Structures are given as structure tokens and as C-alpha cells.
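What follows draws every value from the coordinates through simple rules; no lab data is involved. Just so it is clear, the model here is predicted, and its values are computed rather than measured. Cβ coordinates were reconstructed from backbone atoms using ideal geometry, including for glycine residues, and neighbour counts include every protein chain displayed.
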Amino acid sequence: MPLKAIQEQPHACEFIRRALLSDRLHHAYLFTGPGGVGKTLSAKALAQALLCTQPTETADACDQCNACVRVASLQHADLHVIERNQKKDGGRERNIKIAQVRELQRSLTFKAFEGDRRVVLLLDAECMTPPTANALLKTLEEPGKGTYFILVSDAPHRLLPTIISRCQRVRFSPLSPDFIADRLVSTTDLSSEDATCLSRLAEGSLGRAMDLIEDEVLDARSELLERLGGAGTEAPNLSDTMSFASDLARPDRRDFLPTVFHLLRSWHRDILALQGGMEPSELVNSEYKEQLSKRASTLSQSEVFDRLERLNQAETAIFERMGNVRLVLEALFVRITDQLAQSGGHR
Ligand SMILES: [Zn+2]
């Protein structure tokens with residue numbers, strides 16, 4: 001896809017197009033910004049523009065020539081893609097391996113295969129350990145004529161400062177909910193109502209919106225609110241809460257957990273937003289504005305903050321400290337529904 005066709009990020013893409021056109025390209029770029037906002041798409045478009053054999057007048061890729069086609073399918077011999085290796089279960093390794101960087105360096109000692117340019121695309125650049133990043137540093141400093149690096153990262157604060165300082169940084173911003181909703185309506189069979197709803201839950205990321213569709217997030221939200229008592233007036237009883245926690249702890253529902261946390265967080269942020277005076281129609285979960293308003297009036301702000309903090313702790317316990325999922329969720333849900341019971345029953 002040529003740069004001019006990328007609608008997500010007009011500012012970032014314009015910046016890159018100008019550099020291409022003026023032939024003042026930096027030898028290393030670092031594309032940063034949230035996940036799912038078009039960084040990798042733009043990085044591939046830049047690689048295509050650099051390797052295209054029939055570039056347009058604006059130095060953009062023609063998107064037709066043989067080189068363009070092979071870049072698009074990541075098959076071009078002068079395009080080196082470094083990313084975390086795939087594991088057997090389909091996930092990715094935690095880190096980019098130092099051997100991958102060494103192998104890259106070895107291939108960069110030869111001449112480019114086809115033209116006089118080659119491109120290194122390094123995805124999830126923050127997943128380099130310090131030794132790996134240090135190994136790359138030398139090549140980043142002296143990449144050789146015609147070699148361009150494009151590093152892509154959602155978490156640039158985890159990169160070594162020495163890596164950042166060698167690159168020209170291009171910032172990618174979160175997408176507007178309207179943009180995401182329009183894209184969802186044109187590319188999926190969602191109704192515009194559901195698309196609007198998802199676009200708010202996606203927090204500026206089209207990638208996340210797609211993940212949320214895959215997770216059937218709107219159904220998940222109904223289930224969650226019903227079983228935790230958020231949608232109704234009655235607080236659920238303890239045994240229901242416990243059985244919900246053990247349901248979610250089943251291995252086959254494990255992938256669903258990030259969505260659970262995402263939803264619970266958005267729910268509580270909405271309560272805070274209402275307490276801060278936001279219009280109910282602007283809430284992420286605006287379809288539940290009555291229930292949210294009720295919570296906003298019965299919970300104190302510090303109780304909501306406390307619940308958000310507990311959510312963070314539970315998430316850390318599960319995903320970073322590999323805690324027992326069922327026990328962590330039980331403790332979290334009891335805490336949340338206890339408070340619901342108190343606010344529903346005694347105020
Ligand atoms: Zn081309």
C-alpha cells in the first residue's frame with residue numbers, strides 16, 4: 001500500500017512523504033505510538049517506496065511493480081524483517097533474539113541483491129534485551145550506504161536511550177472514535193450503533209477494535225455486567241460470583257481475560273467521568289448510562305479509584321506474576337460486588 005493511501009495517520013505519513021520527496025531520508029526511523037494505529041502499515045509503505053522500481057513523481061511506491069508486490073508480501077530479498085519468532089502455540093517469543101540481530105548483520109555485509117537500497121524493518125523493537133539492543137547499535141550507527149532502518153514500537157520507554165537517539169522519531173497518534181467507527185462499518189457487517197460502541201471501547205486503536213470484535217466484546221460486556229451485578233439493581237450473590245470467577249479461569253477462556261479487565265476498567269472510568277460531570281452520551285458505555293449514573297451517585301470517588309487500583313493489581317498478579325487466576329479473580333470480584341452490595345443495599 002502506498003503512503004498516500006494510508007488514511008489513518010495523515011500527519012505522520014505526510015512527514016515521511018516529504019522526507020522521501022526531498023531525498024533527505026534519515027537512515028533510521030523509529031515509529032512510535034499505541035498499538036493498532038497504523039505504524040507497521042506505514043513502515044511497510046515506506047519500505048515499499050524505498051524499494052519500488054517505478055516510484056511515482058512524489059517518490060511514493062507505485063504499488064504495481066514486481067518489487068512492490070514482493071515487499072507487500074514481505075518476500076523481497078532486500079527487505080529484512082526482524083520480529084519476535086513465532087512459538088508453536090501461535091504466540092510470539094517474549095524477546096527478539098541476539099542471534100537474529102547477528103544474522104542480520106551478517107547479511108548486511110553483502111551487497112544489496114537487486115538495487116542499491118535495502119530496508120530493515122524491526123517490529124516490536126522494545127522486545128530487544130539490552131545485549132541485543134547493544135549488538136544492533138553498531139549497525140544503527142554505521143548502517144552502510146543505502147541501508148534504511150525502520151524500528152516500530154508501542155512502548156518506546158522500554159528502548160535503550162542510545163537506540164532512540166540514533167533514530168529519527170515519528171509519532172503516531174491514537175485514532176479518533178469516528179474514524180474507527182467508519183472503518184468498522186465499511187469493513188465489517190457491524191451495525192453503525194455497534195460500531196460506535198466498539199470504537200469507544202477501542203481507545204483509539206483500530207487493531208484493538210478488531211480484537212474486540214473477535215472477542216465478541218459486546219456480548220461479553222452483557223455477560224460481565226449481568227454476572228457482576230453492574231447492569232442490574234441487585235448485587236449478585238456470592239456463589240454466583242465465585243462460579244463466574246472459576247468459569248473465567250478455565251484454560252479455554254484464558255484469552256478472554258484481557259477483555260474482562262479492559263471492560264471493567266472502562267466501566268469504572270465511566271463512573272469517574274460521570275462524577276466529574278461528563279455528559280452521559282459521551283461515555284464509553286453510554287448504552288448503560290442509567291446503571292452508570294446510579295453507580296456514580298452511590299459510590300464515592302475514592303471507592304471507584306480503589307476499585308481501579310484493585311483491577312490493576314489483579315491484572316499484574318495474573319499476567320506478570322503468573323498468579324492463580326481463579327483465586328485472583330475471586331478476590332477481585334468479591335471486592336467489587338461487596339461494594340456493589342453495600343451501595344445497592346444500604347444507601
Ligand atoms: Zn513499485
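Projecting the Cα atoms of 74, 311, 149 onto the charge dipole of the chain, computed from C-beta unit charges around the Cα centre, puts 149 farthest toward the positive end. When 128, 278 are sorted by how many other C-beta atoms sit within 10 angstrom of their C-beta, beginning with the fewest, the order is 278, 128.
How big is the dipole moment of the range 3-171 about its Cα centre under a simple scheme where the beta carbon of each Lys and Arg is +1, that of each Asp and Glu is -1, and everything else is neutral? Debye, nearest 20, please. Display every interim value, and only then the final one.
Working: 24 positive and 18 negative charges, 87 e Å.
So the magnitude is around 420 debye.
Between 33, 115, 207, the Gaussian network model of the chain with springs among Cα atoms under 10 angstrom shows the greatest mean-square fluctuation at 115.
Relative contact order for the range 3-171: 30 percent, from Cα pairs under 8 Å spaced at least 6 residues apart, divided by residue count.
Across the range 162-315, C-alpha contacts under 8 Å between residues 6 or more apart give a mean separation that, scaled by the residue count, equals a relative contact order of 17 percent. Evaluated at q = 0.09, 0.14, 0.16 Å⁻¹, a Debye calculation over the C-alpha positions of the range 3-171 (equal weights, vacuum) places log10 I(q)/I(0) at -0.28, -0.70, -0.93.
Close amide H contacts of residue 28 (hydrogens built in the peptide plane, cut-off under 5 Å, sequence separation of 5 or more or a different chain): 149, 168. Residues whose amide H comes within less than 5 Å of that of residue 118, counting only those at least five positions distant or on another chain, are 147, 148 (H built at 1.01 Å from N in the peptide plane).
Here the chain is scanned for chymotrypsin sites (Phe, Trp or Tyr not before Pro) in DSSP loops (not H, G, I, E, B) that have at most 15 other Cβ atoms within 10 Å, and the longest stretch holding none of them is 114-347.
Can you put 178, 247, 211, 89 in order of Cβ neighbours within 10 angstrom, beginning with the fewest? Write out the running numbers ahead of the final one.
Numbers: 178 10, 247 14, 211 18, 89 6.
Final ranking by Cβ density, sparse to dense: 89, 178, 247, 211.
Could you tell me which of rounded, prolate or oblate describes the chain, using a ≥ b ≥ c as the square roots of the eigenvalues of the alpha-carbon gyration tensor, with rounded for a/c under 1.5 and, failing that, prolate when a/b is larger than b/c and oblate otherwise? Prolate, since a/c reaches 1.5 and a/b exceeds b/c. Close Lys pairs in the chain, defined as Cα atoms under 23 Å apart and 8 or more places apart or on different chains, number 11. Taking a Cβ cut-off of under 15 Å around residue 17, the surrounding Lys, Arg, Asp and Glu residues balance to a net charge of -2, with basic ones at +1 and acidic ones at -1.
Using C-alpha pairs below 8 Å separated by at least 6 residues, the relative contact order for the chain is 15 percent.
Count charges around residue 83 for me, please; just the other residues with Cβ under 10 Å from its Cβ, Lys/Arg as +1, Asp/Glu as -1. Result for the neighbourhood of residue 83: 0.
Taking the Cα centre of the range 215-346 as the origin, how large is its charge dipole in debye, to the nearest 20, when only Lys and Arg (+1) and Asp and Glu (-1) carry charge on their Cβ atoms? Can you show the working numbers first?
Numbers: 15 positive and 22 negative charges, 70 e Å.
Charge dipole of the range 215-346: 340 debye, to the nearest 20.
The length gained by stretching the chain between residue 302 and residue 186 to full extension, at 0.36 nm per residue less their Cα-Cα distance, is 37.6 nm.
Figure legend: label point modelled 7 angstrom from the Cα of residue 254 along Cα→Cβ; no residues of the range 177-218 have amide N under 15 Å from it. Counting neighbouring beta carbons within 10 Å and listing from fewest to most, the residues 216, 203 come out as 216, 203. Computed from the C-beta positions of residue 111 and residue 23 and an R0 of 22 Å, the FRET efficiency is 0.55 to the nearest 0.05.
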